[in-house]
Structure formats: C-alpha cells, structure tokens
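Input: a single structure, listed below in structure tokens.
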Amino acid sequence: MIVREALPAEFDRIAELTVASYRDVHGGEVGGYEAHLRDVATRASASTVLVAVLDGTVVGAAAYVPGPGGPMSDFEDADGCGMRMLAVDPDFQHRGAGRALAEACMSRGRSDGRARMVLFSTGDMRVAHHLYVELGFRREVERDREIETEAGPLLLLAFERSLR
C-alpha cells in the first residue's frame, strides 16, 4: 500500500470511490452531498488530497486539512488540523487503506507542528469510528454539532487525537 498526494488525472477515480464509499455506509443515499463528494478539484485546492494505491489502483482517498479558517476546515481549533472525506472503495475495504490514509494525515499534522487532529463523522460510519479509536482518537461530545441537510438535521460526531 502506497499513500501519496493525488494527481489531477486521478480526480475522477477519487470522486467515484468516495461516492461509492459514502453510499455503502449510508444505505445507498447521499442526497445533495454527492456533488460535494465528487468535487475533488475544489477539495484539492483547499486541502491536500491523499490517495492509497494498491497494486497500481487508487483504492482510497482522504483530505488533510492543515488548519482552521479554510473552506475545508470544519473546526476552529488554532492548534488543530483535520481529516475530511476518508473513503475507501467498497471493493477494497479491510485491506488497510483507511488506516494508511489516516496515519498519513496524522503524520502531515505532526510535520506541520499541529498539536491535535480534529474530525467529524456521522453516526452511520461505525467502521470508521472503530478505526479512529484504534488510532488513539477519543470522542469529544462537547464538539459535536448538528447541521441541516436536505433530509433534515444531521448530527456530526467529533473525534480528537493528540499529535504529540
């Protein structure tokens, strides 16, 4: 498994696997969020999009968010960094891609001198929650937040991990 920065030629593949991953987790439906999941070019302009490559195939992706204040940042923590849209192609799950991507994001945060990583997840993403706990993240209930979606309110669960 190799983790590296995504190439623009891979953006379509990243869009497809991200949508497939989110549909898999959310029972086939991602609603209006699909356009956002597919917009890898905008994501790459506001963060670092990393890919996991297995035997020459891009099997997963995640966005490393270097700090607060940018369009991909969903946190206010001045010492924090983030990870967004961690996704693994459903056909390649349970092979270590999600872990490798999360570890690469944490490594970038350490290199950037960040004190902690903050991320948000939906309640349906139980497999991801298990991975986050294994990687040393803890739930930060006081950071949970509710957002409004076309399907109604959605609770985003906060996780945090020290990078020191």
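Taking the stretch 117-144 as the region of interest, how many residues are over 18 Å from Ala78 (Cα atoms) and part of a strand (DSSP E or B)?
Residues that pass the stated criteria total 4.
Counting only residues that are modelled with pLDDT under 95 and basic (Lys, Arg), which one in the stretch 133-164 is nearest to Asp89 (Cα to Cα)?
Restricting to residues being modelled with pLDDT under 95 and basic (Lys, Arg), the top hit is Arg145.
Condition first: aliphatic (A, V, I, L, M), in contact with a helix residue (DSSP H, G or I) (Cβ under 9 Å, 6 or more places away or on another chain) and surrounded by fewer than 21 Cβ atoms within 10 Å (Cβ to Cβ). Now tell me which residues in the stretch 4-29 satisfy that.
Residues satisfying the conditions are Ala15, Val19, Ala20, Val25.
Residue pairs, Cβ under 6 Å, 6 or more apart or interchain, first in the stretch 143-162 and touching a residue at least 12 places away in the same chain (Cβ under 8 Å) and basic (Lys, Arg), second part of a strand (DSSP E or B) and surrounded by 11 or more Cβ atoms within 10 Å (Cβ to Cβ). List them.
Every condition considered, the pairs that remain are Arg143/Ala158; Arg145/Leu156; Arg161/Met117.
Is there a residue being farther than 19 Å from Leu86 by Cα and either loosely packed, with under 12 Cβ neighbours inside 10 Å or at pLDDT 95 or above (or both) anywhere in the stretch 115-132?
Yes, the stretch 115-132 contains at least one residue that is farther than 19 Å from Leu86 by Cα and either loosely packed, with under 12 Cβ neighbours inside 10 Å or at pLDDT 95 or above (or both).
Please determine whether any residue of the stretch 152-164 is exposed (fewer than 15 other Cβ atoms within 10 Å of the Cβ) and under 17 Å from Gly82 (Cβ atoms).
Yes, the stretch 152-164 contains a residue that is exposed (fewer than 15 other Cβ atoms within 10 Å of the Cβ) and under 17 Å from Gly82 (Cβ atoms).
Here are the criteria: (1) within 14 Å of the chain's Cα centre (by Cα); (2) closer than 15 Å to Arg114 by Cβ; (3) free of Cβ contacts under 8 Å to residues at least 24 places away in the same chain. Tell me which single one Gly69 does not satisfy.
All conditions are met except number (1).
Does Pro8 satisfy the criteria of being under 25 Å from Glu148 (Cβ atoms) and over 15 Å from the mean Cα position of the chain (by Cα)?
Judged against the criteria, Pro8 is not a match.
The values are calculated or read from the model by the stated rules, or taken from the named source; none is laboratory data. Predicted model only: the values in this text are computed from it and were never measured. Positions of Cβ are generated from backbone atoms using ideal geometry, with glycine treated the same way; all protein chains shown enter the neighbour counts.
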